[in-house]
Amino acid sequence: MTIEFETPKPVVQMQTVLQTVAENMMRPASREFDENEHSIPWNYIEFMHTAMKSMGGGNGLTPREDKPKEGAEKRPPIGYQLLAAQIEMLAWGDVGFYLITPGGGLGGAAVQAAGTPEQRAKFLARFAEEKPTYAAMCMTEAGAGSDTSAIRTKAVLDESTKEWIINGEKIFVTGGDKSFNAYEQLGKGFIVVWASIDPTAGRAGMRAFVVESGTPGVKVTKLEHKMGIRASDTAAISLVDARVPFDHILGSPTVEKTTTGFKGAMATFDATRPLVAASGIGVARAALEFLKEKLAENGVQIRYGLPRNKLTSVERDVIDMEIMVRSAWLMVLKAVWMADNKKPNALESSMSKVRAGDVTTKVTQKAVEILGPLGYSREFLLEKWFRDAKITDIYEGTGQINRLVVARQILGYSGSELR
Amino acid sequence: MYSFEPNEEQQMLVDAVGKYAANDLRPAAHEAEESRELPKKLISKGWEIGLLQASTPEAYGGFGERSTVTGVLAVEEMAFGDLAGAYAVMTPSLFATPILLAGSEEQKKQYLPEVVGGDWRPYTAALIEFAFDFDAHALRTSATLEGGEYVLNGEKAYVPFAKDAEAILVYANLDGQTQGFIVPKGVAGLAVSEEREKLLGLNALPLYRVKLDGVRVPVSNRLGGEMGHDFEPILASMRVASAAAALGVAKASLEYATNYAKERQAFGMKIAQKQAVAFMLAEMATEIAAIRLLTWEAAWKLDTGKADAAMEAYLAATGAADMAMMVTDRGVQVLGGHGYIREHPVEMFMRNGRGFAMLTGLAIV
């Protein structure tokens, strides 16, 4: 091992390509799809699907398997590093658009992490097919946000038909509409629903189920109106006696007295948290670059290298923002590098999310403040990024939940020792 | 490629420094701070680990190649033990490393073997000046060329071990450029204060004012020789060293506060089990981890000659100064009233933590 910060060539190439996409396909349409919530940017979706298919596919949140050529020297895996850089760049373009980039998303990631090889083959192949296809994760309920043990949705096995019968109400399902509802432009997607198979067992009884698009009894009941990330659909989904085949359960159908099954599934988050952090950092970088551009246009130079007490307030702010954005990005890189190298990264993963949540909100808020009336105006995208940024500190574990995870890690405490 | 783990050689060095920091520096730190005295034996033992020796090529009396990355790893670990002790052990680097980086061949041959060859001896450097708006790029101390010699005028502050120094690398303003000049001991016009600096922290480290009143040195004593040198790489190496030292102090504070919080009982549980305390610790750890990566990247960029290396070193040092203040303040806060009592080291960490905002120039890698 060694300490090195050279961006791998494939990452640089991918960044270059995606920057063009961001500049030409995302930024010009950003405002339109922010103002017209629930309209769908089909151009972007179709373009990205075609582009990703030609690059070998993947389901969006899990890296492609590296298949080295015969006889070629095995290179260190960089799948998660590529993903993080890809997400950062797309979010720099427009984080709402990034969230509706076709693919497996969090639903696919859950199948990847907790599914058997048969399940992976059965459920994940669709993302590389002709039409763009989505999968979403249904975890949150009205009474269960960060506290996932409070999930009330139940799955009961019908012994006669060997089907699971699921009942419950899910909210805040990112991509729920495109994953579950039938659109002629889209392939058949699925949602991954978290439910309890034994309400007396707490977390140990929690399982995820793959529920195919169009399953009877399942309905998208509402699309939320949000502060930001408006190009991305956030659905409420109700399940009434929804019947799901027996082998659609991810993990063991029997409940043991341990929570290893649940912990295994939660490990999905160790992989996805730095990726969500990356999406926030893309927004923060966009805001910082815009701020510097506007300042330069107005003849304000940032005098890097001067002692702090000789700098203007604006210069200090910009320099602090540079420090925040760069160091937050390096934390993401370290967390995904660990994931690529199969090193346990629960601490680094949550730290990167804590930092990104703080940095993304602070940087966008400060940028709006510094630019005054320009910052507050819808004439520019900065005010949109201010709104888009806030979700970074909320989804995929709020800043507070991630602080809890970090604290438990550094203190060596279990969930019951530090609640 | 990205990679975030020290190599085997670096890890061995870090382990050796870590052992010295924990077993020698830390136990001596409180007494040294109170008595304003660092035992000579303590400094010698740290010197014998050979950080400077290992970054000096064989041709100049050492046994290795300089690496900024290795340097920041070692400095963090050393400062984790005690900042004053770490700065004392590394003081000869203030003189030798700029010569390694920017010195002429003659200067390397003349000075490096005697600095690295034997026991720890006080070779030092003078950069800081006693002015609120001190700026390493706009020094008040001046150098002028007169009759084939450089004449130095001005006053330097915070000069480690100046009293007994064999030689001081004095930075002065030459036509708007910051340039180093090697000033041997005993030259006419060089006056070191009798009194040591009395400071908010770093009390164990002997720091002095140095007056230069028409000090004359030959042209060959200009760092880099007649043509001089670029100051930026030197300043950048000071900045990453300062950032690394800040990381060490912050890490010390976090570790002490964490252990305390896991012992201290209140309201029927350990205070670490309270989110109010646990979140402080989580934020301290996150802040440290973030700035560590920024510091490592800056060091790596310096080693690989990236165009924005100096800029990132500036960002790292600036971020580290804020980080150190925030973390060491929280360290005291976690201990509450006990944190304010000098028997616990966190108040010293906090006083030392403030220094990184203004004391670039007391360490270099």
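The values are calculated or read from the model by the stated rules, or taken from the named source; none is laboratory data. Quick caveat: nothing in here was measured; it's all calculated off a predicted structure. Glycine also receives a Cβ, built like all others from the backbone with ideal geometry; neighbour counts cover every protein chain displayed. The area values use the complete protein model at the heavy-atom level, side chains included, leaving out ligands, DNA and RNA. Shrake-Rupley method; radii C 1.70, N 1.55, O 1.52, S 1.80 Å.
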Exactly one of B:ASP329, B:ASP322 is on the phi < 0 side of the Ramachandran plot, open to solvent by 10 Å² or more (accessible area, probe 1.4 Å) and within 10 Å of chain A (Cβ to nearest Cβ), and that one is B:ASP322
Take B:ALA125 and tell me if it is within 26 Å of B:ALA298 (Cβ to Cβ), touching a residue at least 24 places away in the same chain (Cβ under 8 Å), within 15 Å of the chain's Cα centre (by Cα) and outside any helix (DSSP H, G or I). yes
Among residues of segment B:1-53, those that are within 14 Å of another protein chain (Cβ to nearest Cβ) and of a type in the set (Phe, Trp, Tyr), counted: 2
Determine if segment A:381-401 includes at least one residue that is closer than 17 Å to B:ALA285 by Cβ and without any contact (Cβ under 8 Å) to a residue 12 or more places away in the chain. no
For segment A:217-236, how many residues meet the condition of being out of contact with any strand residue (DSSP E or B) (no Cβ under 7 Å at 6 or more places or on another chain) and either of a type outside the set (Gly, Ala, Ser) or surrounded by fewer than 24 Cβ atoms within 10 Å (Cβ to Cβ) (or both)? 5
Just one of A:PHE190, A:PHE172, A:PHE209 is aromatic (Phe, Trp, Tyr) and at positive phi; which is it? A:PHE172
Scan segment A:120-129 and tell me whether some residue there is outside the structural domain of A:ARG27 (by TED's automatic domain parsing), touching a strand residue (DSSP E or B) at 6+ places or on another chain (Cβ under 7 Å) and modelled with pLDDT of 95 or more. yes
Selection from segment B:198-214 of residues that are in a loop (DSSP other than H, G, I, E, B) and surrounded by fewer than 19 Cβ atoms within 10 Å (Cβ to Cβ): B:LYS198, B:LEU199, B:LEU200
May I ask you to say which residue of A:ARG419, A:ARG378 is without any contact (Cβ under 8 Å) to a residue 60 or more places away in the chain and open to solvent by 10 Å² or more (accessible area, probe 1.4 Å)? A:ARG419
Determine, yes or no, whether B:GLY336 is over 21 Å from B:GLY71 (Cα atoms) and surrounded by 19 or more Cβ atoms within 10 Å (Cβ to Cβ). no
What number of residues in segment B:222-247 are in a helix (DSSP H, G or I) and crowded, with 22+ Cβ neighbours inside 10 Å? 14
I need the strands (runs of 3 or more DSSP E) fully contained in segment A:80-192, keeping only those with at least 3 residues that are out of contact with any helix residue (DSSP H, G or I) (no Cβ under 6 Å at 6 or more places or on another chain). A:154-158, A:163-174
Report yes if B:PHE181 is more than 19 Å from B:PRO218 (Cβ to Cβ), crowded, with 18+ Cβ neighbours inside 10 Å and in contact with a Leu (Cβ under 9 Å, 6 or more places away or on another chain), otherwise no. no
Check A:VAL210 against each of (1) surrounded by fewer than 19 Cβ atoms within 10 Å (Cβ to Cβ); (2) at pLDDT 95 or above and name the one condition it does not meet. (1)
Within segment B:9-23, the residues that are closer than 23 Å to B:ALA290 by Cα and open to solvent by 60 Å² or more (accessible area, probe 1.4 Å) are B:GLN11, B:ASP15
Please enumerate the residues belonging to segment B:295-342 that are in contact (Cβ under 8 Å) with a residue 60 or more places away in the chain, in contact with a Gly (Cβ under 9 Å, 6 or more places away or on another chain) and closer than 24 Å to B:TYR2 by Cα. B:THR295, B:ALA299, B:ALA310, B:TYR314
How many residues does segment A:1-29 hold that are within 11 Å of chain B (Cβ to nearest Cβ) and part of a helix (DSSP H, G or I)? 3
